[in-house]
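A quick write-up on the structure given underneath.
The values are calculated or read from the model by the stated rules, or taken from the named source; none is laboratory data. Bear in mind the structure is a predicted one, so any value in this text is a computation, not a measurement. Quick reminder, even Gly has a Cβ in these numbers, built from the backbone with ideal geometry, and neighbours come from all protein chains shown. The protein model used for the area step is the full one, side chains on, heavy atoms only, and it has no ligands, DNA or RNA in it. Shrake-Rupley method; radii C 1.70, N 1.55, O 1.52, S 1.80 Å.
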2 protein chains.
Amino acid sequence: MTDKMKKPQQITLDHGAGGEASHELVHDIFLKRLDNEFLHHLDDSAVLDLTGGRFAMTTDSYVVDPIFFPGGDIGSLAVHGTINDLSMQGATPLYLTLGLILEEGFPIADLTRIMDSVAEAGREAGVKVVAGDTKVVPKGKMDRVFINTAGIGSIPEGVEAGSHNARPGDLILINGCIGDHGIAVLATREGLDFQTELKSDSAPLNGLVSAVLKTSSRIHVLRDPTRGGVATALNEIAGQSGVGITLFEDALPVSKPVLAASELLGLDPLYLANEGKCLMVVDPDDADALLGTLKQEKYGKKAAIIGEVSDKNPGRVLLKTRVGGARILTMLTGEQLPRIC
Amino acid sequence: MTDKMKKPQQITLDHGAGGEASHELVHDIFLKRLDNEFLHHLDDSAVLDLTGGRFAMTTDSYVVDPIFFPGGDIGSLAVHGTINDLSMQGATPLYLTLGLILEEGFPIADLTRIMDSVAEAGREAGVKVVAGDTKVVPKGKMDRVFINTAGIGSIPEGVEAGSHNARPGDLILINGCIGDHGIAVLATREGLDFQTELKSDSAPLNGLVSAVLKTSSRIHVLRDPTRGGVATALNEIAGQSGVGITLFEDALPVSKPVLAASELLGLDPLYLANEGKCLMVVDPDDADALLGTLKQEKYGKKAAIIGEVSDKNPGRVLLKTRVGGARILTMLTGEQLPRIC
């Protein structure tokens, strides 16, 4: 009898009971991939040394379906998502916690693949998982795996990048094509033919944000257009800052496959989720330099200036269309794509 | 048409889409109950000012079934659980994040009741929810509501209370009766007759731990015996500290209803989950003073000295039975009670 035959190949309720099976899972699957000086102790809380200052703290749960999709999986998505939430405050992400909820019967092989992704995503971003928790729910009481990541990061002195901080005259940049994540997940879920061309943009943006903050001290807003897409994020900025925003349709980077798939499915890329995009509202004098910085970055090659801020129509977002017209872009008002992240 | 008629009475997929319905939920249900200077901004991350030093960080997901039980609900449990994980490092809990995963169709009234509990539990413990996230999963893809709470707390200078720190000669205290949470949840789930006498011990232990740390500087281990119960927690301490532990059966506080229910169901209270208990491994010279301190505390009235640490049988936990015998107490090896927390 080999070791492999003796070990369970699926998650059992025992794995969530806090006893021997839980301990084996933690050592064999989690610690092997994520070990560091904080997680190593396996106490209920990690002990961290922090120097004083301003910190960002955030949480996100991930319920994406399918759990594996072109360009990532629920594990990398969970790490990237929380890193990006911290980055949007201008923070340097430091530490993550990882809360797993697993369905009884979930394949250990899939869990292993997801944890490989978590580890790889953490390594790329230079962020450590310092505490974790696993619960197991009886078969049929949930769908496979949900992941929560919470995180903390330190905010460099002088950085102020809240959504309330956009000013008339500012220009709006984005670091690349919109809608990739939403369409990649939907295409995989629906088994659409053209899915090979579509790939999620899921990526950690902490490096890019750090470069941007070094280029200009006049970054007024950083915002990742995830659920609800670019249209919803810009509406939030317009509302919280009390300004009007004009978006130039012909400047918006959208890939051809995403455009084609969106038209076929009757979806608007402006409302599709992104997981590796950042909207930056910046002083107009710094916009060109920032565009140059972005284009040097791994996740900024297709960066563009896509809009401007004014004192007209406060709280509103206006889309200037290719044909010269203009229409009001509202927030997302219904669920286009459940379980997109 | 009244306002009440217009508002949805159940969670819809829209509530998790990041658009208008999400915003309404956040304002009407969450912010109304949890508002504070950090959460108020509703940015993706909260911005916190922390003075330098040592911090504890932790995460836990809650999938308890039933979601309402005698002595609490999934909301209070989630807040208490994370507060207690931080307290077990001797930390003063400061800030929590709250990640909700909701099933489409979940009653808004139940969500409101749960958020009332979250708010009340936070108030009692003096802890603020600073960031949150809500995901909605289509009906049938999960069971009602799961909650993740992550938290951070500051560790006072000089406090070192890891599970690796028990020393031969130390005495072991507990702050009250064991098994209450496990039996209360099970009895409610099974609709057992005697459930009216049974109540979860779910409670925040930060006040009690703070009092204990003021009484003695020789608290070597603090540990909450949640999943897996007292037997599993003591095994972990024995293993991580490389010591032997002897537990005195006749000193263990167990309530009569818990004893009766355990016998009926064939369960051992030593393996039942607790959500308001703390095991303390302390210098023997300080044990009596600590017992006095505990008995003054709201959650310590039935505190007792229940065991001792030795250099014999390292890694093992021995139970000295009432009749004078002794048997080895192992870790929990199977799932007694799924979805107990």
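Restriction of the GluC sites (Glu not before Pro) in segment B:11-120 to DSSP coil positions whose beta-carbon has at most 16 other beta-carbons within 10 angstrom yields B:E37. Ligands, DNA and RNA left out, the 1.4 Å accessible surface of segment B:214-272 is 50% carbon and sulfur atoms.
Hydrodynamic estimate: the Kirkwood radius of segment A:1-144 over Cα pairs, inserted into Stokes-Einstein at 10 °C and 1.306 mPa s, corresponds to D of 98 µm²/s.
Computed from the alpha carbon atoms alone, the convex hull of segment B:15-72 holds 166 Å³ per residue. Quick one: Debye curve from the alpha-carbon atoms of the protein assembly as shown only, equal weights, vacuum; give me log10 I(q)/I(0) at q = 0.06 Å⁻¹ to two decimals. Per q value, in the given order, log10 I(q)/I(0) is -0.34. In percent, how large is the relative contact order of chain B, given Cα pairs closer than 8 Å and 6 or more residues apart? Averaging sequence separation for qualifying contacts and normalising by length gives 22 percent for chain B. Centre-to-centre, using Cα atoms only, segment A:163-204 and segment A:66-144 are separated by 20 Å. Computed from backbone phi, the HN-Hα couplings of segment B:270-277 come to 5, 10, 7, 6, 10, 10, x, 10 Hz, rounded to whole numbers (Karplus: 6.51 cos²θ - 1.76 cosθ + 1.60, θ = phi - 60°; Gly and Pro given as x). In this structure, the amide hydrogen of A:L272, modeled 1.01 Å from its nitrogen in the peptide plane, lies closer than 5 angstrom to those of A:V230, counting only residues at least 5 positions away or on a different chain. For the pair B:A109 and A:N36, label points projected 7 Å from Cα toward Cβ lie 4.6 nm apart. Converting phi to 3J(HN,Hα) with the Karplus coefficients 6.51, -1.76 and 1.60 and the offset θ = phi - 60°, segment B:18-30 yields x, x, 4, 5, 4, 5, 4, 4, 4, 6, 6, 9, 7 Hz in sequence order, with x at every glycine or proline.
Taking every DSSP helix (H) stretch of at least 4 residues in chain B, weighting each as -39,500 (n - 2.57) and dividing the sum by the residue count yields a mean residue ellipticity at 222 nm of -8500 deg cm²/dmol. For the residues of B:95-107, the average number of beta carbons from a partner chain within 10 Å of their own beta carbon is 3. Cβ-Cβ distance of B:K295 and B:R322, R₀ of 30 Å, FRET efficiency by 1/(1 + (r/R0)^6): the value works out to about 0.80. Annotation: average projected area of chain A is 18.7 square nanometres, based on the convex hull of Cα atoms across all directions. Annotation for segment B:218-298: trypsin sites (Lys or Arg not before Pro) lying in DSSP loop with at most 16 further Cβ atoms inside 10 Å of their Cβ are B:R218, B:K298. Here the Debye sum runs over all C-alpha atoms of segment B:171-329 as equal scatterers in vacuum, and log10 of I(q)/I(0) at q = 0.18, 0.19 Å⁻¹ comes out as -1.09, -1.19. If R₀ is 22 angstrom, what is the calculated FRET efficiency for the pair A:T333 and A:E263, using the beta carbon separation as r and rounding to 0.05? Result of the calculation: an efficiency of 0.60. Amide hydrogen proximity for B:I155: with H placed 1.01 Å from N in the peptide plane, the residues at 5 or more positions away or on another chain lying under 5 Å are B:R54, B:F55, B:A56, B:T92.
In this structure, the amide hydrogen of B:T12, modeled 1.01 Å from its nitrogen in the peptide plane, lies closer than 5 angstrom to those of B:G105, counting only residues at least 5 positions away or on a different chain.
Protein heavy-atom surface of segment B:3-155, 1.4 angstrom probe: 51% of the accessible area is carbon and sulfur, with nucleic acids and ligands not counted.
Take each residue of peptide A:78-90, count the partner chain Cβ atoms within 10 Å of its Cβ, and average: the result is 2. Using a cut-off of 29 Å between Cα atoms, the listed pairs A:K298/B:K141; A:K128/B:K128; A:K295/B:K128; A:K141/B:K298; A:K135/A:K277 include A:K298/B:K141; A:K295/B:K128; A:K141/B:K298; A:K135/A:K277 as exceeding that distance. In order along segment B:53-59, phi translates into HN-Hα couplings of x, 8, 10, 9, 9, 8, 9 Hz, rounded to whole numbers, per the Karplus curve 6.51 cos²θ - 1.76 cosθ + 1.60 with θ = phi - 60° and x for Gly and Pro.
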